[in-house]
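The values are calculated or read from the model by the stated rules, or taken from the named source; none is laboratory data. Predicted model, so just to flag it, every value in this text is computed and none were measured. Please note: Cβ atoms are built from the backbone with ideal geometry, for glycine as well, and neighbour counts cover all protein chains shown.
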């Protein structure tokens with residue numbers, strides 16, 4: 001079944017795309033929810049005219065998206081997270097954390113346009129987020145997940161081991177095992 005998308009549908013296509021879907025998916029989900037319409041010949045003619053008019057607007061949108069991508073190239077993102085032993089995180093880092101870090105640096109990008117491979121990061125290190133600035137322009141944004149200094153384990157000061165000459169004469173500690181008699185004689 002051929003349908004014309006009226007809204008962006010994740011993993012299927014963008015608004016005004018002509019896509020082929022299974023009959024049940026189109027009839028039972030896309031069309032009733034308002035995500036798509038049936039691709040009739042008249043609907044295809046209307047779509048062609050709409051795409052022709054949109055081509056001029058898209059050129060400007062792509063140019064603006066390229067400017068944003070150029071500005072993002074100079075951004076260095078470090079996400080601070082609490083850690084457990086070693087490099088393991090308490091909780092995880094996701095696209096909302098990346099969007100928040102971009103917001104702090106003056107770049108307002110919605111979290112739904114940011115994708116991280118695996119969706120959640122659970123270890124310290126360097127990662128890449130894919131930022132969709134336009135349907136035709138996806139920017140790869142590198143970022144680091146670093147430990148929160150407050151969550152790092154504190155090194156305990158070890159007490160110095162007692163020296164042999166520090167113990168008074170005659171007081172030598174020995175470990176002896178004692179065996180108790182339970183008195184269970186028969």
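Figures for the structure shown
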quantity	calculated
Residue check for residue 72: surrounded by 12 or more Cβ atoms within 10 Å (Cβ to Cβ), more than 28 Å from the chain's Cα centre (by Cα), at negative phi and part of a helix (DSSP H, G or I)	no
Search result, residues across segment 77-94 that are over 14 Å from residue 142 (Cα atoms) and surrounded by fewer than 16 Cβ atoms within 10 Å (Cβ to Cβ)	82, 84, 85, 86, 87, 88, 90, 91, 92
Filter result for residue 38 (surrounded by 15 or more Cβ atoms within 10 Å (Cβ to Cβ) and outside the structural domain of residue 136 (by TED's automatic domain parsing))	no
Selection status of residue 77, modelled with pLDDT of 80 or more and closer than 16 Å to residue 146 by Cα	yes
Any hit, segment 14-36, residues being under 20 Å from the mean Cα position of the chain (by Cα) and either within 19 Å of residue 138 (Cβ to Cβ) or not in a helix (DSSP H, G or I) (or both)	no
Given (1) without any contact (Cβ under 8 Å) to a residue 40 or more places away in the chain; (2) farther than 30 Å from residue 147 by Cα; (3) surrounded by 15 or more Cβ atoms within 10 Å (Cβ to Cβ), number of the condition residue 97 does not satisfy	(2)
Top-ranked residue of segment 100-117 - restricted to ones that are over 16 Å from residue 134 (Cα atoms) and either surrounded by 15 or more Cβ atoms within 10 Å (Cβ to Cβ) or touching a residue at least 60 places away in the same chain (Cβ under 8 Å) (or both), ranked as nearest to the chain's Cα centre (by Cα)	116
